[in-house]
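Structure first, commentary second.
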Amino acid sequence: MYNRRDLLGDFVSPKQMRTPSPPSSSQYQVLEEIGRGSFGAVRKVLHVPTKKLMVRKEIKYGHMSSKERQQLISECTILSHLKHENIVEFCNWDFEEQHEILYLYMEFCSSGDLSHMIKHYKQEKKYIPEKIIWGILAQILSALYKCHYGDELSPLTTIYDRMKPPVKRKNIVIHRDLKPGNIFLSADDSGTSADEIHNVDYSQVVVKLGDFGLAKSLGNSIQFATTYVGTPYYMSPEVLMDQPYSPLSDIWSLGCVVFEMCSLHPPFQAKNYLELQNRIKSGKFDRIPEYYSNGLNAIVHSMIDTNLKTRPSTFELLQDIQIRTARKSLQLERFERNLLDYEKELANIEKILEKQATDYERETAHLREQFVQAVEERAREVLSGKKIGKVPDTIYGYYDKRVPKPAYHWRTRYR
Ligand SMILES: Nc1ncnc2c1ncn2[C@@H]1O[C@H](COP(=O)(O)OP(=O)(O)OP(=O)(O)O)[C@@H](O)[C@H]1O
């Protein structure tokens, strides 16, 4: 039923054939629909062998040309290799030949996305705390570093660390569709349901960049052209002017996203598409609310720059002292969380060991009592001139029983 060759026709390259084999759909239990995107339904699924919650996105490929199908598959291959803690993990893909649907299986993000977060603060009539914004920006930049340079960002020892300029690589990934709805939020507790996303503690969430690159392969398809009805609030002026996407186009979009987190609306708004296009091309927009620092305002303005020569790259933005501070602060918070987890684990181990020690003492006391009774009984037998049974010489020999001594005894813990 599921056959990658059927989808690709004659266009399968040996390189693509080396990608992981499609999962057996019987491994997934399909759960409720959580939303609908431009390309089809998104459902929660349970990966039965691991009991892990995931999402399944569907893409109807029937109308696509072989070239478009091949491009879609090669993009999936790239995404399946793009592993980063701030990127939604792309687990695998699968086909349903009969209905010509491609299923993409990916990590489930339990705390909604940035659009939900912005909506939440708007409803509460509150600004998003600046610290949260810097934290989110630092996490997105770490993810973009992986995409734009194909490398992992090394952790900071101090905020003044010298960062090595990244090596230029061929296989860079450009997101192409950065917007609040594609920036997912995940809590450590992935059991949260979609209905509970209003209870999210936004100061604790992990940011995950999702919905990567598919815009490239789907960009030319009829389905994309007819179903992509979203307003291009986050599109850079060069892309609006039909110039090719570059990593700097992602930076423009990121600037618009950060602006929206501060102002609770996008930087460029208009009554119609043409007006919006003109506003974006002019690159003129307001300061973020006074509530926020000049530093945050400056970084937003540096990203939403119509001049590609002066717009900073991901690497340049990561040099910013406030981004470094935000990264270091995230590292320390994570370290503290790990320590707390470790402490909890130790407390559990201590409880188990204490129970083992109590059981051990109870058991040895019981055996000692039985031993004493047996010795007394034999003594009485001897004294009364009865035939003597075997006299126990060791407690273990007599009962032929060994009580395992716990490796760690609570009484010795402070020695
Ligand atoms: N990995 C995920 N974890 C949790 N929810 C997700 C995940 N991916 C998508 N969703 C949710 O599914 C819904 C549809 O998502 P999808 O990204 O397909 O569409 P969209 O972003 O609304 O539109 P578009 O297709 O134009 O990007 C959204 O509510 C989104 O929050």
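What to note about this one:
- L53 falls short on exactly one of the conditions (1) part of a strand (DSSP E or B); (2) in contact (Cβ under 8 Å) with a residue 24 or more places away in the chain; (3) open to solvent by less than 40 Å² (accessible area, probe 1.4 Å), and that condition is (3).
- Failed item in (1) among the aliphatic types (A, V, I, L, M); (2) in a helix (DSSP H, G or I); (3) modelled with pLDDT of 70 or more, with A225 passing the rest: (3)
- Annotation: L144 fulfils all but one of (1) in contact with an Asp or Glu (Cβ under 7 Å, 6 or more places away or on another chain); (2) part of a loop (DSSP other than H, G, I, E, B); (3) buried (at least 21 other Cβ atoms within 10 Å of the Cβ); the unmet one is (2).
- Qualifying residue in region 179-187 (condition: open to solvent by 40 Å² or more (accessible area, probe 1.4 Å) and farther than 20 Å from P312 by Cα): yes
- Total residues in region 248-296 satisfying the condition of being closer than 30 Å to K146 by Cβ and in contact (Cβ under 8 Å) with a residue 12 or more places away in the chain: the figure is 28.
- Every residue from region 66-80 that is at pLDDT 85 or above and open to solvent by 20 Å² or more (accessible area, probe 1.4 Å): S66
- Selected residue (only one of S329, S302 is open to solvent by 30 Å² or more (accessible area, probe 1.4 Å), assigned by the TED database to the domain that holds I133 and part of a helix (DSSP H, G or I)): S302
- Residue in region 138-147 that is farther than 19 Å from I299 by Cβ and either touching a Gly at 6+ places or on another chain (Cβ under 8 Å) or not aliphatic (A, V, I, L, M) (or both) present: yes
The values are calculated or read from the model by the stated rules, or taken from the named source; none is laboratory data. Because the structure is predicted, anything quoted here is derived from the model rather than measured. Ideal geometry is used to build each Cβ from the backbone, glycine not excepted, and the neighbour counts take in all protein chains shown. Ligands, DNA and RNA are stripped out before the accessible areas are found, and what is left, the full protein with its side chains, is counted by its heavy atoms. Shrake-Rupley method; radii C 1.70, N 1.55, O 1.52, S 1.80 Å.
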